[in-house]
């Protein structure tokens, strides 16, 4: 499965290369553990569970994506047992690093951490970030209903802050809100909402302000946050004691975030995103194997952005962030 290297080939209609920062992988030993969650919450489960490296490489070549940053999606690696989660995180990270070595230049990864086991997460971050291809760590938006600004998680961010780490945040289901609309798979609405919840948690807990060297990437354009930012910021005026936790101001703290373009390639969504954040902080992402690479690039091309701005979103911004 980890055999020889493949080179990206030119794809019709795409004149520049791209880097996908939101690209999931499912090692064979991980699939049986995740399947129960997949069957309950996800869509397109059969295709997702059929993932293998060759599928990623074929999709990348079709869309002229030269490089993908791998991550474990929801439900993460913790299935109720700390020891199992530590071992599973280690195995996933070693697998991702080996995959990158087998296909030079094609795969980097965000290290899976056995959260909410904070001690285990710090230990695995310290180990995994030394592996070839490690570009940062991956976290979920909540762990059993506890969001990333939870005081219990602060030691992890202290550790990451000292190292100026890159933190990729992917949404997951929230205990409060699964299956609310019978006709709609939970992730389709609840995942973007949960991303908004965890951004608000990180903001008003003071985590963004206390650890400004941590660089956060949020999936799916920051979820609903571009549309609710004004309301979340207003919380500082409703409860003024929160303002002391964000001395630079909420808008300034939020302006440092990075987001990816997975599921936000319609004109209205991208317009909101570009109005909220500097264009240099918008990164191309696909959510593969749930999302498709060629279709997402085609959608971005249809937005009619100037060539240099499109190229920055599709590759330049990520290259600067990942390789600095």
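Among the residues of this structure, residue 82 does not count as one that is surrounded by fewer than 19 Cβ atoms within 10 Å (Cβ to Cβ) and in contact with a strand residue (DSSP E or B) (Cβ under 7 Å, 6 or more places away or on another chain). Among the residues that make up region 28-46, is at least one of them part of a loop (DSSP other than H, G, I, E, B), modelled with pLDDT of 90 or more and touching a helix residue (DSSP H, G or I) at 6+ places or on another chain (Cβ under 8 Å)? Yes: one or more hits. Looking at 164, 179, just one residue is outside any strand (DSSP E or B), touching a helix residue (DSSP H, G or I) at 6+ places or on another chain (Cβ under 8 Å) and more than 21 Å from residue 262 (Cβ to Cβ), and that residue is 179. For beta carbons closer than 7 Å, sequence separation of 6+ or different chains, a first residue in region 239-253 that is more than 20 Å from residue 227 (Cβ to Cβ) and a second that is modelled with pLDDT of 95 or more and part of a loop (DSSP other than H, G, I, E, B), the qualifying pairs are 245/205; 245/206; 246/206. If you go through region 94-112 one residue at a time, do you hit one that is at pLDDT 95 or above, surrounded by fewer than 22 Cβ atoms within 10 Å (Cβ to Cβ), under 19 Å from the mean Cα position of the chain (by Cα) and within 27 Å of residue 145 (Cβ to Cβ)? No. Screening residue 273 with (1) touching a residue at least 40 places away in the same chain (Cβ under 8 Å); (2) assigned to a helix (DSSP H, G or I); (3) surrounded by fewer than 18 Cβ atoms within 10 Å (Cβ to Cβ) gives one miss only, at (3). Residue-level check: of (1) surrounded by fewer than 22 Cβ atoms within 10 Å (Cβ to Cβ); (2) over 30 Å from residue 52 (Cα atoms), residue 186 misses just (2).
The values are calculated or read from the model by the stated rules, or taken from the named source; none is laboratory data. Worth saying up front: this structure is predicted, and the values here are computed from it rather than measured. As a convention, Cβ positions derive from the backbone with ideal geometry for all residues, glycine included, and neighbour counts pool all protein chains shown.
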